[in-house]
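The block underneath contains the structure these notes are about, expressed in structure tokens.
The values are calculated or read from the model by the stated rules, or taken from the named source; none is laboratory data. All of these numbers come straight from a predicted model, not from anything done at the bench. Cβ atoms come from the backbone with ideal geometry, glycine included; neighbour counts cover every protein chain shown.
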Amino acid sequence: MLTFSNIAIIINAASGSTSDISEEICAIFKDKGCAHVKSYFITPDKLVETFETVIGQGADLIVSYGGDGTSLCAASLAGDVKVPIITLPGGTMNLLPKSLYSSVEWRGVLDIALKQDKPRWVPCGLINEHKFLVAAMLGTIVRMSHSRELFRDGQLIEATKNMIATVNETDVSDSLIYSLGDEGERQEANLLQLTCPGMNDFSTEPDKFEVAAVNIESYGELSALGLTAIMDHWRENQAVSSDFAQDISVHGSSSVDILLDGEHVELTLPLSIKFEPKGAFILCPPPQ
């Protein structure tokens, strides 16, 4: 029997694979004895306002249905007041639901979540106070992520054009200057990926990021990396090395392209990246 008495379901109508599941999901909760369930099928510009409204109305469980940006918004706002959330996959990449529930089907994720005894804190990273729960990728090469999505959608010509454009726009002599920890030596990389604990097979330290650095010396290596990235095997590229750290500094004064849980942003250097053990309060299985 569920112990939640005021459940809010927030559906991002503009996410990649969402539909209005209000009737079906409300019925699921009511079958489990939850009488007070309300669903909101909204546009992205109403997300923050709606999350804040349901929190203010005393919601004790929030279910978000959308992409990784929707999950991150829910986690940030609800976590501040320790309201547990369930993040249903309704986007394109669905990084957080895939990592937490090992599923990208919303009914399966919901079923797994509702079998848990209690919510738990999931760690996060903060890049100059910008939060990520799964991983952050830094460097011009992150523009390859658009090619990956185009490939998945079957748009092979557009994906190839985007990858070629990214290669042409990237100067392989440019690199990020970074250091691990307060006293770490400065190192160089064309791409950094920071993964939160338990979010992939390599992030095995419970209180540190797994830091994967890519160093590229030629356009040929960049092209090879782009192809392996699209096929999810980029770590097999010999240009990749990894380490673990709680704090990372990225030095400089220019701007850098970043993916935060798959969402593209551009931030100005320098960057201070911190590990936060209480990043989101989520009804999900314990870490593997």
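To keep it simple, each residue is scored yes or no on (1) assigned to a helix (DSSP H, G or I); (2) out of contact with any Asp or Glu (no Cβ under 8 Å at 6 or more places or on another chain); (3) modelled with pLDDT under 90.
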position	(1), (2), (3)
A74	yes, yes, no
A78	yes, yes, no
V83	no, no, no
T87	no, yes, no
T92	no, no, yes
V104	no, yes, yes
R107	yes, yes, no
L110	yes, yes, no
D117	no, yes, no
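On inspection, L61 fails the criterion of being free of Cβ contacts under 8 Å to residues at least 60 places away in the same chain and within 28 Å of A135 (Cα to Cα).
When the residues of the range 1-49 are filtered to those that are touching a strand residue (DSSP E or B) at 6+ places or on another chain (Cβ under 7 Å) and basic (K, R), the one that is modelled with the highest pLDDT is K38. Looking across the range 245-262, the residues that are farther than 10 Å from A136 by Cβ and acidic (D, E) come down to D247, D257.
Okay, residues lined up against (1) within 27 Å of the chain's Cα centre (by Cα); (2) on the phi > 0 side of the Ramachandran plot; (3) assigned by TED's automatic domain parsing to the domain that holds N12; (4) crowded, with 17+ Cβ neighbours inside 10 Å:
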{"residue": "A27", "(1), (2), (3), (4)": "no, no, yes, no"}
{"residue": "D31", "(1), (2), (3), (4)": "no, no, yes, no"}
{"residue": "C34", "(1), (2), (3), (4)": "no, no, yes, yes"}
{"residue": "L47", "(1), (2), (3), (4)": "yes, no, yes, yes"}
{"residue": "E52", "(1), (2), (3), (4)": "yes, no, yes, no"}
{"residue": "Q57", "(1), (2), (3), (4)": "no, no, yes, no"}
{"residue": "V63", "(1), (2), (3), (4)": "yes, no, yes, yes"}
{"residue": "G69", "(1), (2), (3), (4)": "yes, no, yes, yes"}
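Filtering the range 71-93 to residues that are among the charged types (D, E, K, R) and either touching a Phe, Trp or Tyr at 6+ places or on another chain (Cβ under 8 Å) or crowded, with 24+ Cβ neighbours inside 10 Å (or both) leaves only K82.
Looking at this structure, is L194 surrounded by 17 or more Cβ atoms within 10 Å (Cβ to Cβ), at pLDDT 90 or above, in contact with a strand residue (DSSP E or B) (Cβ under 9 Å, 6 or more places away or on another chain) and more than 30 Å from I248 (Cα to Cα)? No: the conditions fail for L194. Whether any residue in the range 250-266 is outside any strand (DSSP E or B), over 30 Å from I62 (Cα atoms), at pLDDT below 95 and of a type in the set (A, V, I, L, M) is what I want to check. Among the residues of the range 250-266, not one is outside any strand (DSSP E or B), over 30 Å from I62 (Cα atoms), at pLDDT below 95 and of a type in the set (A, V, I, L, M), which makes the answer no.
Contact map, the range 277-288: first residue assigned to a loop (DSSP other than H, G, I, E, B), second residue of a type in the set (S, T, Y), Cβ cut-off under 9 Å, separation 6 or more or different chains; pairs are C284/T87; C284/Y101; P285/Y101; P285/S102; Q288/S102.
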